[in-house]
Amino acid sequence: MKILQFPLMKITIWFIFGIVFSYNFNPKPTTTFIITGIFLVPFILTLYLSKRDFIQKIYFGIATYILFFLIGCLTQVIHNERYNDGNYVNLILNENENHCIEVVVREKLKSNSVTDKFIGLVNRIDNKNCSGKILVQIPKTQENSRIQIGSRIQISGKLVINKNPLNPNQFDYGKYLNNKSIFAQIYAKTNSIKINDKIDKNIWYYSDHLRNKIITNLEKNNFSKDELQVVSALILGQQQDISKEILNDYQYAGAIHILSVSGLHVGFILLFLTFLLKPIPKNKLGNTIRLIIIIICLWGFAILAGLSPSVIRSVTMFSFVAVGMYLKRSTNIFHTLLVSMFLILFFQPYFLFDVGFQLSYLSLFFILWLQPLLSNIWTPKNKIVNYFWDILTVSFAAQIGAFPLSIFYFHQFPGLFFITNLIIIPFLIVIMGLGVLVMVLAAFDFVPIITMKSLEFCIYYLNKIINWVASFEQFIIKDIPINWQTLFCLYLLIITLIILFKKPTYPKIVVALFSLLLLQSTQFITHLEIENQHEWIVFNSWKNTLITERNGNEVAVYGNDSITNKIAFNTSLKSYLIANNSKVNSINKIQNLYYFKDKKILVIDSLGIYSKEINPDIIILRQSPKINLERLIEINRPKLIVADASNIKTTIQLWKGICAKKKIPFHATAEKGFYRVN
């Protein structure tokens, strides 16, 4: 791979290694600064010595890679808001106390039927100036409906610091928020909110105001609701109001990526702008004017779409492409890709851990690398056939690059993605052109009915096609288990096979076969590990009790009727089964006594009945039994007491105090998460 020989590629890789290292090990800022400063000395020395030689020395390369590794560490540390003494999370001494915070609303998220969700910037907490982002959940009322981007609100309540998942193999929402520098949430009550009449009118306010104006003008002209939701996502980057049914259809059809503004959309806009600006003379002045207009329009679109990570990286990438076009240089597109990636991560290192960022760059890399190889397999003479062949090869290249990561995160794969892309790409070209035109006109309070109805017509049939493709559920492969070791080996196999396909040689065949063997070995070792695992788990199931016993890949489930009757819809259990490549082999009523390995486990329910002669190692309390816990401890002398989420909170707190008094370990699943015996 020639791209691996690019100096910028090697520097970027070591820079990324530094970000990942710092993210996982959290080095202290002072230590990182000192070490980076120390390593500047050998770098400068080797740079001076290497200038005297025509051929660069290996010691200069090593010093460069170490330096950029440390710069990656330093970049991540600098952007880690937890190290900022002024961040509100460092001022919270007691999480259980009420706090008064002043927040400026920055972004609106997808709401539910009861509450609206916002990301806010904290200005003050308990009369102390501070900073940081927080997730705010506000009840839907007529008074609260006037909250908009830029609104200043005061809220009194408890701040909930992000916690680890409360069930095994569950999506780590706390980590997801931490990666966005959102370290806490606040659930506001209706009577605890005060909305300030003053609005912060910054770029975010005007961007939101313009989007709302466009949507309002389209609604006034009777733009259909479902179609407006889709076009708002396609052009304005607003997915908050899209119905769950439409989202599921796009996901199952393998077209969910078109609802998130990304490189595909920005690329179409660049082509559209290039076409519109053709009349401008192709001289130095004309090229400068063309470049300025393109850059302004691209970043204007980014602001309009809310400056989301996907928009920023796409606009940054195509801004470099536009500069390359202006300079009339045959700029290697991989260099452009690397420069955009490096700059984005330099200013926002946490983007590296964003799923959209990872999928976007992997897809684009494989399109640039693999698509020309696939395209050369067959060259149709007919222009129309050639056009669809190009769409198909681009789609395959993108999916080959993205599908291992998609399976790793989402555990499913749409088998009909190639049909979807063949159909929707031509649609999307028309929709993006019409959509941008309609949005610009709507911003000036002018909505031509013919243009608007044409756009609505295209979106309507796009949704119909997506719904039709999604209806073939037998082609949607679901619940695919994959761990990070398998993910790594799968990408290694794909890369070696592409290299082999490009120019077959005996050493390349050996490397590809070794990659295949490594993948199979990883799968075998994973399967062997699962087969040898035995564990007994009390889940954190709100108002219910859920217990599982897993032997290898077979799981016995214990629960009450409300759990066992809806076991297929239990997301916590489903995540656990997928992660451990397991299946439910029996569903049972909850027992009063379990024996697991060398442990004797007693379960006491609301009846509060138990034998005094069992002497269990662990006692599970559920459904708030009315018992004298002190007497129970004195009689049975358990080593641990566990209270699941079916108990009343006040009762759990009472038990917690008694256990502390008796010096017996106490585990409440509502606070500490699931309890595992293995």
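A few remarks follow.
- Relative contact order, percent, the chain [alpha-carbon distance under 8 Å, six or more residues apart]: 10 percent
- Cα gyration tensor shape for the stretch 326-452, rounded if a/c is under 1.5, else prolate or oblate: rounded
- Only helices enter this figure: runs of n ≥ 4 DSSP H residues, each worth -39500 (n - 2.57), summed and divided by the residues of the chain, yield -17500 deg cm²/dmol at 222 nm to the nearest 500.
- Kirkwood Rh and Cα Rg combined as Rg/Rh, the stretch 393-443: 1.17
- Note on the chain: Cα-only Rg and Dmax are 28.8, 95 Å.
- For the peptides 20-32, 417-429, 166-178, residues were scored by their other Cβ atoms within 10 Å and the scores averaged per peptide; the highest-first order is 417-429, 166-178, 20-32.
- Size descriptors for the stretch 255-294, from the alpha-carbon set: Rg then Dmax equal 13.3, 41 Å.
- Cut-off under 5 Å, modelled amide H: who pairs with Asn123 long-range: Glu102, Val103, Val104
- Calculated on alpha-carbon atoms, Rg and Dmax of the stretch 12-100 in Å: 18.3, 67
- Pair-distance profile P(r), taking every C-alpha pair of the stretch 247-404, with 10 angstrom steps and integer %: 10, 33, 37, 18, 2
- Rolling a 1.4 angstrom probe over the protein heavy atoms with all chains in place gives the stretch 328-444 an accessible area of 46 Å² per residue.
- Antiparallel bridge percentage (DSSP; both residues within the stretch 529-677; nearest 5): 55 percent
- Volume per residue that the Cα convex hull of the stretch 566-678 spans, once the total is divided by residue count, Å³: 126 Å³
- Calculated on C-alpha atoms, the gyration radius of the stretch 52-206 divided by its Kirkwood radius gives an Rg/Rh of 1.15.
- Cα centroid separation - the stretch 164-205 against the stretch 577-646, whole Å: 36 Å
- DSSP beta bridge pairing in the chain, given as percent antiparallel to the nearest 5: 70 percent
- Average accessible area per residue (Å²) across the stretch 97-151 - probe 1.4 Å, nucleic acids and ligands excluded: 48 Å²
- The Rg/Rh ratio of the stretch 85-170, with both radii computed over alpha carbons and Rh defined as the Kirkwood radius, is 0.99.
- Helix 506-531 axis, angle to the chain major axis (alpha carbon atoms, nearest 10°): 20 degrees
- Estimated Rh, the stretch 511-599: Kirkwood, alpha-carbon pairs, angstrom: 14.7 Å
- Alpha-carbon gyration tensor eigenvalues x 5, square-rooted, for the stretch 482-641, Å: 48, 17, 11
- Treating each Cα of the stretch 134-224 as an identical point scatterer and summing with the Debye formula, the log10 of I(q)/I(0) at q = 0.10, 0.16 Å⁻¹ comes to -0.41, -0.88.
- Pairs from Lys543/Lys599; Lys110/Lys175; Lys158/Lys543; Lys180/Lys656; Lys28/Lys662; Lys574/Lys656 whose Cα-Cα separation, in the structure shown, is over 28 Å: Lys180/Lys656; Lys28/Lys662; Lys574/Lys656
- Cα gyration tensor shape of the stretch 444-575, rounded if a/c is under 1.5, else prolate or oblate by comparing a/b with b/c: oblate
- Rounded percent of accessible protein surface that carbon and sulfur make up, the chain, 1.4 Å probe: 62 percent
- Oblate is the label for the stretch 628-678. Its Cα gyration tensor axes, ordered a ≥ b ≥ c, give a/c of at least 1.5 and b/c at or above a/b.
The values are calculated or read from the model by the stated rules, or taken from the named source; none is laboratory data. Remember, it's a predicted structure, so these values are computed and weren't measured experimentally. Neighbour counts run over all protein chains shown; Cβ positions are idealised from the backbone, glycine included. Just the protein is used for accessible areas: all its heavy atoms, side chains included, with ligands, DNA and RNA removed. Shrake-Rupley method; radii C 1.70, N 1.55, O 1.52, S 1.80 Å.
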